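Laboratory data are not the source of any read-out in this text; all were calculated from the coordinates shown. If you're wondering where the values come from, they're calculated on a predicted model, not measured in any experiment. Counting neighbours? That spans all protein chains shown, and the Cβs are built from the backbone with ideal geometry, glycine included.
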Amino acid sequence: MNQTIQTQHRHRSIRSYTDEAVSDAMLDAIVEAAHCAPTSMNMQEISLVVVRDAERRARIAELAGGQAWVAQAPVFIAIVIDFHKTDLGVRKAGKTQVIHESMEGFGAAAVDAGIMLGTMITAAESLGLGIVPIGGIRRNPQDMIALLQLPPLTFPLVGLSIGHIANDAPQKPRLDIGTFRHNEQYDASGYAAAIDAYDENLMHFWKDVARSEGLTWSETLASRLHTVYFPRVKPVAAMQGLLNDK
Ligand SMILES: Cc1cc2nc3c(=O)[nH]c(=O)nc-3n(C[C@H](O)[C@H](O)[C@H](O)COP(=O)(O)O)c2cc1C
């Protein structure tokens, strides 16, 4: 193994940060790593909004449903789907862009946003910084759009908090890798047993880290996935001119 892979294997989300600033050199290196990442059809339909202002971070923490670590970490990066940028290129070449209205466009942009997120995570963690991704910015997308002054054809899909670690976190166990890696053909025959084992394993994990409110994986999913937990995504995306195809 090399150092990059060791860093990836040590990943854990951090929700406790010191107030030490992230240096410009570190932040530039993290952002530039994402800028070099692959992007679907070279669309480059992602923009990052780097937020360091404490008041603005506090507001994002609130919009994300009261996530204190967003206010605490000195850097927040919003990863924004940006079909406004591509529209300028398409118009310049004399055509009308429609891809932003489609599931294909939103899906491709979500993939690219995930690549940007993962690339920045690896870069930040390799520098010894802590991170936590923040999907909570989709809880109140319209207010996020106003706060970041995003134009039509854009959408704030996910964020990343970055900072120096105050209290480290233990690694959270995962489902057995057999539920994740399928060789040659998909095979779900081991899922039920793996879920039983993981539910038990996760309860041991919560006990070890003194989180008495911790639930099994199945219970956590049930509490979240029985509803569309961020119901404003679709209507606000439509208001932004996205995902409007029939
Ligand atoms: C796209 C995405 C969005 C996430 N959103 C949040 C969030 O809003 N708040 C939070 O505290 N953690 C968030 N997380 C972190 C997950 O809860 C975390 O990755 C998961 O529980 C596994 O724990 P680990 O990262 O420590 O291994 C998010 C992770 C991802 C990948």
**OP:** Quick one: among GLN97, GLN67, GLN149, which has the greatest mean-square fluctuation in a GNM of the chain with alpha-carbon springs under 10 angstrom?
**Re:** GLN149
Original post:
Residue-wise, which Karplus ³J(HN,Hα) couplings in Hz belong to the range 82-93, taking 6.51 cos²θ - 1.76 cosθ + 1.60, θ = phi - 60°, and x for glycine or proline?
Top reply: 10, 7, 5, 5, 5, 4, 4, x, 5, 4, 4, 8
Original post:
Long-range amide H contacts for ILE14: which residues qualify at under 5 Å (H placed 1.01 Å from N, peptide plane, sequence gap of 5 or more or a different chain)?
Top reply: ILE131, VAL132
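In whole percent, what relative contact order does the range 116-246 give with Cα contacts below 8 Å and a gap of six or more residues?
Dividing the mean separation by the residue count of the range 116-246 yields 27 percent.
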Original post:
Counting pairs of alpha carbon atoms under 8 Å apart in space and at least six apart in sequence, what relative contact order in percent does the range 6-136 give?
Top reply: 39 percent
Subject >> Overall form of the range 1-157 per C-alpha gyration tensor (a/c, 1.5; a/b vs b/c) >> reply: oblate
**OP:** Would you please name the chymotrypsin sites (Phe, Trp or Tyr not before Pro) within the range 161-246 that are DSSP coil residues with at most 10 other C-beta atoms within 10 Å of their C-beta?
**Re:** PHE180, TYR186
Subject >> Cα-centred dipole magnitude for the range 64-127, charges only on beta-carbon of K, R (+1) and D, E (-1), debye, nearest 20 >> reply: 260 debye
Subject >> Estimated dipole of the chain in Debye, rounded to 20 [Cβ of Lys and Arg +1, of Asp and Glu -1, Cα centre] >> reply: 520 debye
Original post:
Calculated FRET efficiency, MET1 and SER223, Cβ-Cβ r, R0 41 Å, to nearest 0.05?
Top reply: 0.65
Subject >> VAL98/ASP208 FRET efficiency (R0 45 Å; Cβ-Cβ; nearest 0.05) >> reply: 0.30
Subject >> Long-range HN-HN contacts of GLN44 with modeled amide H, under 5 Å >> reply: none
Original post:
Can you run phi through the Karplus equation (6.51, -1.76, 1.60; θ = phi - 60°) for the range 231-246 and list ³J(HN,Hα) in whole Hz, with x for Gly and Pro?
Top reply: x, 8, 4, 5, x, 6, 4, 5, 4, 7, x, 9, 6, 9, 6, 8
Original post:
How big is the Rg/Rh ratio for the range 115-246, C-alpha atoms only, Rh by Kirkwood, two decimals?
Top reply: 1.03
Original post:
Loop-only check: which trypsin sites (Lys or Arg not before Pro) in the range 68-106 are DSSP coil with at most 10 other Cβ within 10 angstrom?
Top reply: LYS95
Subject >> Unit charges at the beta carbon, dipole of the chain: most positive-side option, GLY114, GLN6, ILE145 >> reply: ILE145
Original post:
What residue among GLY178, GLY118, GLY135 shows peak mean-square fluctuation when the chain is described by a Gaussian network model with Cα springs under 10 Å?
Top reply: GLY178
Original post:
Taking the range 1-79, which trypsin sites (Lys or Arg not before Pro) meet the DSSP loop condition and have no more than 15 other C-beta atoms within 10 Å?
Top reply: ARG10, ARG12, ARG52
Original post:
Considering amide H positions built from the backbone, and no H for Pro or chain starts, which residues 5 or more places from GLN240, or on another chain, come under 5 Å of its amide H?
Top reply: none
